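The values are calculated or read from the model by the stated rules, or taken from the named source; none is laboratory data. From a predicted model like this one, the values you see are computed outputs, not experimental measurements. All Cβ positions, glycine included, derive from the backbone under ideal geometry; neighbour counts span all protein chains shown.
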Amino acid sequence: METDKKTREAATSLKGTRVLHLNATANGGGVAEILRSEVPMLQALGIKADWQVIKPPAGFFEVTKKVHNALQGDHTGLTPTEWKYYEDVSKELAERVTPGDWDVIMVHDPQPAAIPYFRTDASDTKWIWRCHVDSSSPHDGVRKRMTKYLLPYSGGIFSLDSYRLPGFQPEHLAIIPPAIDAESPKNRPMDEDEAQELLRAYKLDLSRPFVVQVSRFDQWKDPLGVLEAWRLAKQTVPELQLVLVGDSADDDPQAPMILKELRSVQEAQDDGLLIVADEADDRTVKAFQTLAVAAVQKSLREGFGLTVTEALWAGTPVVGSNVGGIPLQVRDGEDGYLVETIPEAADRIAELAGDPALAKRMGAAGRRIVEEKFLMPRLVRDDLRIIKAVLEDA
Ligand code: UDP
């Protein structure tokens with residue numbers, strides 16, 4: 001893997017450092033997407049980096065999805081029985097991690113977050129908690145409980161300043177937005193011919209415009225809101241098609257229910273609606289993002305939104321909700337539009353679908369912003385900085 005000079009320099013003093021990334025899923029969702037590229041890049045820089053995925057018993061992710069949802073502002077807390085289960089499984093998981101093998105362990109998101117709290121070894125391993133969710137208005141009870149488990153961490157990372165969790169005060173706190181890998185299959189360049197070839201197999205009329213939302217089937221991504229916006233936009237641009245590309249992460253038990261709901265809407269109607277569930281490989285996702293007249297990201301909450309970055313990188317403008325990490329990437333009226341409501345989303349989708357030249361200009365502006373701010377070497381340098389900081393305390 002190619003690394004640039006600035007990034008190699010940032011890694012010089014950390015060569016040989018043993019860094020473990022620990023998360024909940026090897027497939028699906030933005031964290032797996034990032035680690036798939038970041039870990040090899042760290043290794044190429046001489047860091048002894050590795051990635052482990054927790055393997056909890058069935059049922060654990062039902063509970064941790066509630067923690068995730070509550071940190072994102074859902075009003076439902078956890079019952080005492082659910083907390084006890086979270087603790088019991090975290091203790092089991094803690095026995096399987098061998099902290100002594102690592103100088104730093106970076107733990108991603110709430111699922112494995114309590115592992116250092118329950119560990120029994122005496123190693124002086126440093127722990128960093130990397131939160132990817134929008135925790136700007138968390139459920140208070142869940143926040144309090146989680147900050148107790150987060151006590152052993154000497155580092156914390158959030159994607160945006162507004163996501164800092166009150167009560168979580170590690171010695172080192174960094175604000176680091178995620179990034180995409182420009183060389184990965186998902187983001188390597190693709191010309192229109194290749195994209196058309198890849199999409200030929202789908203029930204999609206490539207002579208008509210389409211918009212796409214690529215997202216896990218998750219309540220926070222609001223796929224039903226996207227459907228509604230598309231229906232409204234069709235009143236202005238009747239030939240407009242909608243593609244919902246989605247998958248379900250291993251740690252997300254809610255997806256099948258949401259997909260079922262979407263399928264029933266699809267059966268009841270709808271000319272021009274394509275749902276691609278759990279089948280699009282990276283190049284196919286890229287093809288949809290490349291040929292769409294606009295990408296939609298109508299999330300109700302969005303920790304960052306790598307799908308936004310990917311679409312912009314593909315030169316496609318984004319109509320996105322003005323929430324979480326989306327306004328960090330989309331500048332309203334420059335590389336897409338930020339919207340507050342479904343009718344507003346519909347108007348912007350219709351505007352771009354009716355003006356491909358404008359869409360192209362905005363997409364090109366978006367690609368430049370990604371190049372400047374949201375590519376993997378910058379993320380690696382930021383992560384190396386906090387790793388260095390926690391190790392200097394030793
Ligand atoms: N993704 C994918 N196929 C799908 C849906 C999503 O490959 O059917 C990928 C998407 O391209 C992106 C990641 O999953 O790289 C989602 O990351 P994002 O930050 O947008 O959202 P998260 O799922 O982490 O909330």
Pairing a residue in segment 12-39 that is more than 19 Å from Ile157 (Cβ to Cβ) and without any contact (Cβ under 8 Å) to a residue 40 or more places away in the chain with any residue that is part of a strand (DSSP E or B) and more than 12 Å from the ligand (Cβ to nearest atom), where Cβ atoms lie under 7 Å and the two sit 6 or more apart in sequence or on different chains, gives Gly16/Lys48
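Could you please find all residues in segment 121-176 being at pLDDT below 95 and out of contact with any helix residue (DSSP H, G or I) (no Cβ under 7 Å at 6 or more places or on another chain)? Let's see the steps before the verdict.
Filtering segment 121-176 down to residues at pLDDT below 95 leaves 121-124.
Selection gives Ala122, Asp124.
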Filtering segment 225-263 down to residues that are within 12 Å of the ligand (Cβ to nearest atom) and among the hydroxyl-bearing types (Ser, Thr, Tyr) yields Ser248
For segment 248-270, indicate whether the set of residues that are of a type in the set (A, V, I, L, M, F, W, C) and within 23 Å of Ile176 (Cβ to Cβ) is non-empty.
yes
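When you go through Val97, Val133 one by one, which is the residue that is under 25 Å from Trp220 (Cα atoms), touching a residue at least 24 places away in the same chain (Cβ under 8 Å) and β-branched (Val, Ile, Thr)?
Working: Val97 fails: under 25 Å from Trp220 (Cα atoms).
Answer to the selection: Val133.
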Output the residues belonging to segment 100-120 that are in contact (Cβ under 8 Å) with a residue 40 or more places away in the chain and within 13 Å of Ile54 (Cβ to Cβ).
Ile105, Val107, His108, Asp109, Pro110, Gln111, Pro112, Ile115
With the structure loaded, tell me whether Thr125 is over 25 Å from Pro166 (Cβ atoms) and either among the acidic types (Asp, Glu) or touching an Asp or Glu at 6+ places or on another chain (Cβ under 7 Å) (or both) or whether it fails that test.
yes
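Could you say which residue among Gly28, Gly16 is assigned to a loop (DSSP other than H, G, I, E, B) and more than 15 Å from the ligand (Cβ to nearest atom)? Give the steps one after another, and end with the answer.
On the way: Gly28 fails: more than 15 Å from the ligand (Cβ to nearest atom).
Within the list Gly28, Gly16, the selection yields Gly16.
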Any residue in segment 196-213 that is more than 10 Å from the ligand (Cβ to nearest atom) and within 21 Å of the chain's Cα centre (by Cα)?
yes
Has segment 199-212 got at least one residue that is buried (at least 17 other Cβ atoms within 10 Å of the Cβ), modelled with pLDDT under 95 and not hydrophobic (A, V, I, L, M, F, W, C)?
no
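How about segment 220-252: which of its residues are under 26 Å from Ile54 (Cα atoms) and crowded, with 18+ Cβ neighbours inside 10 Å?
Trp220, Lys221, Gly246, Asp247, Ser248, Ala249, Asp251, Asp252
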Read through the list (1) under 30 Å from Leu375 (Cα atoms); (2) under 24 Å from the mean Cα position of the chain (by Cα), then give the number of the only condition that Asp140 fails.
(1)
Go over the candidates Val293, Val318, Val276, Val245 one by one and state the one that is in contact with a Ser or Thr (Cβ under 9 Å, 6 or more places away or on another chain), under 18 Å from Leu206 (Cβ atoms), of a type in the set (A, V, I, L, M) and free of Cβ contacts under 8 Å to residues at least 60 places away in the same chain.
Val245
